[in-house]
Every structure is written in C-alpha cells, then in structure tokens.
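Here the structure comes first, spelled out in structure tokens, and everything after it is commentary.
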Amino acid sequence: MIRALTLTAAALAASLVAVPAHAADTPPRTGFEESDGARWTSQPEEQDFLAAVDRASSRVSVARIGTTKQDRPLQLVRIGARHAPHARNKVLLVCSQHGDEPSGREACLTTIRDLAYAKDERTRRFLDRTTVLVVPTANPDGRAADTRGNSDGVDINRDHIALKTTEGRTLAAVIRDQRPDVIYDLHEYGATPRYYDKDLFDLWPRNLNTDTAVHDEAETLSQAYVRPAAQGAGYSTGTYGIWTDPVTGEPIRQVAGDGQERILRNMSGIKHSVGLLIESRVEPLTDVAEAVNNRRRVNSQLAALKGLSGFTDERRGRIEAATGKARLEGYADTGPVYVGGADNDPPEPAEVIQDPPCGYRLTPEQYTEVKDELALHGVTTRGTYVPLRQSLRALVPLLLDERAPYHLAAGEPVTDC
Ligand SMILES: [Zn+2]
C-alpha cells in the first residue's frame, strides 16, 4: 500500500514537471464572450486568443499563411492529436469570407478553443481520427471595416476561379495543399420575413461537375446532420436561396444559391470536397436586445457545427471513400463537363461539353498570364499544354475553355490525343 502510494506520488510529480505551467491556465475567452455578445471579437483580441490556445494546447498549431493588403495576417489553425495515426479525415472551416457576417467567425474561434481544451474521451477519439483546419478570419480587412468585400471591395466568395485577391489565393493554396474531405463555409444573410427567415439556411454544391457520391455526402451532411442538430437546439432551418410559402412551406422562388463555380460552395465540389454553405440570420424576428440576438446568431452556428462533427465521426469511411474516388476519377478522362446549369436547373445544350478535348494549348503569353493561378488551383500542366486527364479534370475547361463563363484564358482545344 505504501509502495503504491509512493509510486503514485512519484508519477504525479513527474507529470507536474512534464506539463508546462500554462497548460493549467484557464481557457481564454473571446471578446464576444467577455461582453456576453454585446460586441464582436476585435482583431487584437483574436490574435491574443489564438496565441493563448496555441501555447496551451499541444493539439493546436497556428500558422500564418498570408498577409492582406492592409497588412493583417491570414491564419490557418490546425487541431488534431499530435501523433497522428495514418489516414485521417480533414475538415476545413472557412469563417467570415464576408467581413460583415461576423457570427461564423465567433463560432469558429470558440470551437478552436473548445476542441483544444476538451478532455472527454469522445473529443479525444474524434481528434485522433480527424484533423480540423480553421481559417478563423478569411477576410480580415473586410472584418475590420465591416464590409462584405476585402479592402479593394472585391467579394472573395466570387474569386474562387480568378484568384485575383490575396484572400482567394490563400484559400486556394490551403485547399490544394490540405485536400480537405469537407469544406464548411460560414456566412450570414438578411431575412425577408415570412418567406425567407429561418435561423439557418444551408446549401451543398449545386455545380454539376461535382462527383455524385461527393454531392450525396454533402446533401446528407445538410439533411441528416446539420439541420437536425440545429433543430434539436431550437433553431429553424431551410435551404439557402429558396423562398418558401409561409403557410404551406412549399418552395416558391429561388433568389440565390446557383451552380456558378466562382463560389466556394461550388468550387468545393469541383475540387472533390464535401462542401456546405451555412448562413445564420442577421435580424431578430422579435424585439430583443442586440446582444441577445447576437448570441442567437452565434449559438445557431455552434449548434450546426455539432451536426458537422457528428457527420464526420459517423460517416468518416463513406466520406473518405467518396472524396478519394472522386479525386481519382479524372484520370479516366471520360464524361461530359458542364459550363452551366445546377442540380436543380438542367443545363442548356450549349452548357454541356459532351465530348471534351484532351486538353488545351496555351500561347506563351496566355501561359505567362495564368500559370500562377493554375498552380494555386493545383492543375497539372505540361509546358503550355494543360491535359484534362488529371484529378481536377472538370476544372480545366472551366478555367481554359472559351465557353466557360469565367474562364481565365481561351485555350486552343486539342482533340488529337
Ligand atoms: Zn456571405
């Protein structure tokens, strides 16, 4: 008995020596939490918060991945067990691409902290098998100015083909280098009461170049996980972009949520990630204090995020099978490529490239013009020739075919393979 006690004391002493003093610190709180929702977390507060989490948790690392025009950092936070077993799912959270939609960012910051400090077995197991990547503020200059666009007024969420902005380029590089299984994109929207006013709307990639299994997983994420989790916490949910009849709930009009490839939600599918857009409602529907409404905005996002972690945990095998197979399918180089349409909007004949070329030949000038963007997208080139036979097959015509609405260059189609 005495011997056992001695060993326990020795083990305890050893563990006290091994654990740095700051690990025992109280978890940091965001400016939003400190003010009980009265104001949004400032950028200096965000930096202090992330630095504190990074110092305190061996599961977390924070990397600077870019710098905005106004000299603010773009950061990628990685959360996962330090000694990673072999294959793990990767989930990427992209928070507040639109600077005037702050609640997603608040949900992301507290999620980072809560995953970093969690001691329960379930979260530990989750982090043994999942790497959570977070870009907590995807548009720091826009957040500072409370504007939708960046400091040049460019909407980053329409820049995922052209990659003209630092913010868009940085996100493209993260997606290329990390190849996330899931890309979860947090936004907010303005309500049209009675027709379009749920606490949360979500939407999967509608772009028709999304692999069927990846598309199905994204719909499953929405309908079987995110919406039930949010509803269970008391929040109403619906499909982004669709007005519904206040009485029957039937869809009556589509106002947003198309299939265009410039949007991250759609680009996620084209790049073989299970994408989901989530939008919390900005306005209160009843007369409540601003802080109360702000807390609803953030808490609804947090409730939806629980659905995302449930999805990742329960379906990890199916998710990996879908994204893994989709990443290989381009090498078979078969099937049409769509330059228009959506999963709820059949393409016109002119929007279907039924028999795509083997590739596109660029002039030296065109190549010089677009080579950096091709590289950021992760498109493989052979000199000035860009073959379709590659993982990102459908992206090649979207970038280089003159029929694609947002093409970067009109390459010469090569049909003689
Ligand atoms: Zn938005």
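See the values below:
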| quantity | calculated |
| --- | --- |
| Among Ala162, Ala213, Tyr117 the positive-end extreme of the charge dipole of the chain (Cβ point charges) | Tyr117 |
| Estimated D of the stretch 285-334 in µm² per second, where Rh is the Kirkwood radius over Cα pairs and Stokes-Einstein applies at 20 °C, 1.002 mPa s | 152 µm²/s |
| Computed Rg/Rh of the stretch 76-122, alpha carbon atoms with Kirkwood Rh | 1.04 |
| With eigenvalues of the C-alpha gyration tensor scaled by 5 and rooted, the stretch 88-219, Å | 24, 19, 18 |
| In order through the stretch 242-248: 3J(HN,Hα) via Karplus (6.51 cos²θ - 1.76 cosθ + 1.60), integer Hz, x for Gly, Pro | 10, 6, 10, 5, x, 8, 8 |
| Length-normalised contact order of the chain in % [C-alpha pairs under 8 Å, at least 6 apart] | 15 percent |
| Those lysines that a straight Cα-Cα span of less than 29 Å connects to Lys271, excepting residues fewer than 8 apart in one chain | Lys69, Lys90, Lys164, Lys306, Lys325, Lys371 |
| Scaled radius of gyration (Cα, divided by 2.2 N^0.38 Å) that the chain gives | 1.04 |
| From phi via Karplus (6.51, -1.76, 1.60), per-residue ³J(HN,Hα) for the stretch 173-188 in Hz, x at Gly/Pro | 5, 4, 5, 4, 7, 9, 6, x, 6, 10, 10, 10, 10, 9, 9, 9 |
| Model label zone, Gln178; criterion: amide N under 18 Å from point 7 Å along Cα-to-beta-carbon; scope the stretch 95-124 | 95-98, 104-117 |
| Degrees, to the nearest 10: 103-117 long Cα axis against longest axis of the chain | 50 degrees |
| In degrees, nearest ten, helix 364-377 long axis to first principal axis of the chain (Cα) | 30 degrees |
| Additional length obtainable on full extension of the chain from Asp343 to Asp71, 0.36 nm per residue less Cα span | 93.9 nm |
| Three principal axis lengths of the stretch 216-273 [C-alpha, angstrom, descending] | 37, 26, 16 |
| Relative contact order (%) - the stretch 33-149, alpha-carbon pairs under 8 angstrom, separation at least six | 33 percent |
| Volume of the Cα convex hull of the stretch 279-376, divided per residue and given in Å³ | 230 Å³ |
| For the stretch 340-363 versus the stretch 385-416, the gap between their alpha-carbon centres in whole angstrom | 10 Å |
| DSSP beta bridges in the chain [antiparallel fraction, %, rounded to 5] | 55 percent |
| Length gained when the stretch Thr334-Arg39 is fully extended (0.36 nm per residue, less Cα-Cα span) | 101.0 nm |
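FYI, it's all coordinate maths here, none of it is from the lab. This is a predicted model, so every value here is computed, not measured. Because the Cβ atoms are built from the backbone with ideal geometry, glycine has one as well, and the counts that use them run over all protein chains shown.
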